[in-house]
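The values are calculated or read from the model by the stated rules, or taken from the named source; none is laboratory data. Every value quoted in this text rests on a predicted model; they were computed, and no experiment measured them. When we count neighbours, we look across all protein chains shown, and the Cβ atoms used for this are built from the backbone with ideal geometry, even at glycine.
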Amino acid sequence: MFARGETILQLMERLAPKHYAVPDDKIGLQVGSVAKEVRKVLVTLDVTPAVVEEAAELGAELIIAHHAVIYRPLAHLRTDTPAGALAASLLRKDIAVYVSHTNLDAAEGGINDWMADALELTGRDVLEEVHTDKLFKLAVFVPESHHEQVRAAMFNAGAGWIGDYSHCSFNTKGISTFMPLEGSEPFIGKQGKLTQAEEIKLETVVSHSSKKKVISAMLKAHPYEEVAYDLYGMDLKGRSFGLGRVGVLPEKESLDRFAERVKTALQVPFVRMVGDGSKPIRKVAVLGGAGARYIRHAIFAGADVLVTGDIDFHSAQDALAAGMSIIDPGHHAEKIMKPHVAKWLSEQLLQKGYATEVFASRLDTEPFQLR
């Protein structure tokens, strides 16, 4: 059995929810239709004519890309222009394109975490917050006989997290009253008779992203056909998601040595460096893609160096004047997403019993060459 395209996109949005993206980012389904079974998926950083041919030769019906295939607004769809020809090629070959961009950057376990992992950074924080997962208080009334069962189901579904603490709940015993009416099938009591039952009010915390799953698990584990529960918003701040990461190296090393680490870890042929090569480095900020506008964020975070791409001349001058070192491995360092997304999506599809295969593009879409 092969997964339908809609199912694959739902899985991708579990990894990188759309609401993590920065405003006006070009994400989501950009070309084609996913209202079909998908036998093969190709994961790529960029969608180029060569990548489209690679997908066609592979037999892929869906491309998952990090960079948008339609980034700037199209005034027309002429096939004698590069953008129009690319779109026409995709449509002729019936290949859909789905884009996961800054939402994949911001996601926990997304591009910036993969880059931080490669650089062996620990004790990580977000460089710039773009989304905070709103918290809710969920209270449900459970008969004592099923209290542990319902609580465990809710915890397993993601309830009970406050900061670095899990399985957080408050449990209060009390007496409930209810009268089962005609047509009901009560777990406790009889139709037409006022019933009193010893119940426990189970209170816990759920995030916006997990509440649907938690409530579903709660209702499934609860013995009552009509479950009484309350859900209300809280001012307590939930987990933060955002662009970039700040962490520390296992031990100090010189900027020159760290530059070599970046080249090896991110598999790039060269880096551009700003700063004194003998400067000791321990705290590192990393941000995939173009990060010149985040130099001030790295300084504020107390980083010794910022690893990011597309640094322009004047931004490099400003960073040097401020004492901030920079390692620029190029925008294309985000290619790290290809094997990671392909592996994650393959595992998710396999767990659900689908035969759909996922492949990482073998093509290098780096536009720059050294001479």
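Conditions (1) part of a strand (DSSP E or B); (2) within 26 Å of His66 (Cβ to Cβ); (3) not assigned by TED's automatic domain parsing to the domain that holds Val205, marked per residue:
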residue: Glu226; (1), (2), (3): no, no, no
residue: Ile281; (1), (2), (3): yes, no, yes
residue: Val284; (1), (2), (3): yes, yes, yes
residue: Leu287; (1), (2), (3): yes, yes, yes
residue: His297; (1), (2), (3): no, yes, yes
residue: Gln317; (1), (2), (3): no, no, yes
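Here's a check for you: in the stretch 171-215, which residue that is assigned to a strand (DSSP E or B) and either without any contact (Cβ under 8 Å) to a residue 12 or more places away in the chain or of a type in the set (D, E, K, R) (or both) is surrounded by the most Cβ atoms within 10 Å (Cβ to Cβ)?
So in the stretch 171-215, the residues assigned to a strand (DSSP E or B) come out as 171-178, 195-207.
Within this subset, residues satisfying the condition of being either without any contact (Cβ under 8 Å) to a residue 12 or more places away in the chain or of a type in the set (D, E, K, R) (or both) are 173, 198-199, 201, 203.
Working: Lys173: 10, Glu198: 12, Glu199: 22, Lys201: 18, Glu203: 15.
Taking the candidates together, the pick is Glu199.
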Open item on the list: Quick check on the stretch 292-313. Is at least one of its residues within 25 Å of Ala60 (Cβ to Cβ) and either touching a His at 6+ places or on another chain (Cβ under 9 Å) or in contact (Cβ under 8 Å) with a residue 24 or more places away in the chain (or both)?
Closed with: no
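Quick check: is even one residue across the stretch 136-143 under 27 Å from the mean Cα position of the chain (by Cα) and among the hydrophobic types (A, V, I, L, M, F, W, C)?
Yes, the stretch 136-143 contains a residue that is under 27 Å from the mean Cα position of the chain (by Cα) and among the hydrophobic types (A, V, I, L, M, F, W, C).
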Open item on the list: It is to be established whether one or more residues within the stretch 338-357 are out of contact with any Phe, Trp or Tyr (no Cβ under 7 Å at 6 or more places or on another chain) and part of a loop (DSSP other than H, G, I, E, B).
Closed with: yes
- [ ] With the condition kept exactly as written, say whether any residue in the stretch 261-273 is within 30 Å of Ala285 (Cβ to Cβ), touching a strand residue (DSSP E or B) at 6+ places or on another chain (Cβ under 8 Å) and basic (Lys, Arg).
- [x] yes
- [ ] May I ask you to list the residues in the stretch 15-38 that are free of Cβ contacts under 8 Å to residues at least 60 places away in the same chain and within 22 Å of Lys134 (Cα to Cα)?
- [x] Pro23, Asp24
TODO: Return yes when Gly163 is in contact with a Pro (Cβ under 9 Å, 6 or more places away or on another chain), at positive phi and either modelled with pLDDT under 95 or not hydrophobic (A, V, I, L, M, F, W, C) (or both) and no when it is not.
DONE: no
